[in-house]
Amino acid sequence: MALATIIQNEFDQILANWMRDQGREGVRRTDVVSARESEAQSRELLQALARALRDTRSDDTFDFSNPGWDPVREALEHISQTRTESGVSPTEMAWFIASIKQSIFTILSQRNADDPKLLIDQVWMVTKIVDQMALHAISAYVDQREAIIERQQSEMTEVSAPVVKIWDRIVTVPLLGTVDSFRAQTVMENLLQAIVEREAEVAIIDITGVSTVDTMVAQHLLKTAAAVRLMGAECVISGISPKIAQTIVHLGVDLPNVVTRGDLQSGLSYAFERLGVKIGG
Amino acid sequence: MNAMDRIGASAIKRTKFVTAVSEIARNALIYGGGGVMTFHLHKLAGRPSVLAECVDHGPGIADVDRALQDGYTTGKGLGLGLSGARRLVDRFAIETLPGEGTTVIMECGAR
Ligand SMILES: Nc1ncnc2c1ncn2[C@@H]1O[C@H](COP(=O)(O)OP(=O)(O)O)[C@@H](O)[C@H]1O
Ligand SMILES: [Mg+2]
């Protein structure tokens, strides 16, 4: 009996065996992929496989890039995507696909027990196909992980304004790169939030990493400092290089009621002094 | 800023010029409805300089003297962009015609 026919006819049995094997081999991550989801994905993949076997010539000319295999590749990509998002490892992903072999082999050996030559050919065929499927799933997995990492990285650099509590009642936030209104707003919100949560009395904004302070950046700094004061805390701007200091003066920007320091260390010692913290015994 | 590298500008000159360019570019964007900024290598009093020219076809400025005063703004800014930029560079020129647009030229030497 031909491979395609066997898989079509014995679909339910193969699926049931596969689900059982998944449980046995520990490839079913019940913590991240529900049993129902797992069954739906397994069914989707097996159906695609049955269809592709029916529509393509599964002899020596087997070619996974043949359009007839599109549904299988799509099913793999879909499964890979949902599993990547739920944190399944690539090994688990590969095992999940590979575990389909056992259930097909069992059925094949039952149906073609009287034709060992055909059985061996079919086992070889299934091995080739399933290995290709596992490879495809892994490469889809890697692509998707990369996309996720890239997205996370850009989100981090865009949005991150990590407010750090460096000492009791002292919080600090670095301002980095080009300061647009969106980032300045994010920094201000994060800082004000941290002042409340950490019960801070001094907030240090470190602008060492800022390339240019023009009137817009200065205005954002002034607004932030004013808001910090309204919260009952004091605002220190540190990391003002001589270049930036001169530029600010030429621009004519006045920073009233804002303590400024050349570097973060000086900003910190000012804060310690303010809070009466004794350093070095 | 490549052009500033080419004339071997000092760090402080570079920072000043970049800041001035940023001010004028933002004005062209906010008030001039967008514009074009071009840079040229030039000579100022016989020494190499960088010249920036910013052209927009916005509403122009009705009273330039007033716009050049510290703290004057028709928007929500600090009103220090034009006056500040003028102080940051070695040469500053502004040409504007109401209804036609605004052109700002700024030039800066290496030291
Ligand atoms: N390119 C321009 N086109 C039209 N009006 C301008 C332009 N640049 C500046 N202005 C006017 O000059 C005023 C002062 O500009 P500026 O000193 O940069 O201060 P600010 O940007 O804070 O308003 C602006 O409020 C605006 O009315
Ligand atoms: Mg301005």
- Among residues of region A:44-80, those that are part of a helix (DSSP H, G or I) and surrounded by fewer than 16 Cβ atoms within 10 Å (Cβ to Cβ), counted: 6
- Message: Report every pair of residues separated by at least 6 positions or lying on different chains whose Cβ atoms are under 6 Å apart, first residue within region B:23-39 and within 21 Å of A:His250 (Cβ to Cβ) and of a type in the set (D, E, K, R), second near ligand 1 (Cβ under 7 Å from one of its atoms) and at pLDDT 95 or above.
- Response: B:Glu23/B:Gly81
- Any hit, region B:2-10, residues being in a loop (DSSP other than H, G, I, E, B) and facing another protein chain (nearest Cβ under 10 Å): yes
- Query: Hey, any hits in region B:6-22 for a residue that's within 8 Å of ligand 1 (Cβ to nearest atom) and hydrophobic (A, V, I, L, M, F, W, C)?
  - Reply: no
- Item | Output for region A:20-43, where each listed residue is surrounded by fewer than 17 Cβ atoms within 10 Å (Cβ to Cβ), modelled with pLDDT under 75 and hydrophobic (A, V, I, L, M, F, W, C) | A:Val32
- Query: Among the residues of region A:192-217, how many are buried (at least 22 other Cβ atoms within 10 Å of the Cβ) and within 16 Å of A:Phe182 (Cα to Cα)?
  - Reply: 4
- Does B:Gly84 fit the bill of being at pLDDT 95 or above, outside any strand (DSSP E or B) and within 14 Å of chain A (Cβ to nearest Cβ)? yes
- Search result, residues across region A:162-186 that are at positive phi and not small (Gly, Ala, Ser): A:Arg169
- Task: Select from region B:26-53 the residues that are within 16 Å of ligand 1 (Cβ to nearest atom) and crowded, with 22+ Cβ neighbours inside 10 Å and write down the one among them that is nearest to the chain's Cα centre (by Cα).
- Result: B:Ala52
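The values are calculated or read from the model by the stated rules, or taken from the named source; none is laboratory data. Just so we're clear, the structure is a prediction, and the values are computed from it rather than from any experiment. In this analysis, Cβ positions are derived from the backbone assuming ideal geometry, glycine residues included, and neighbour counts consider all displayed protein chains.
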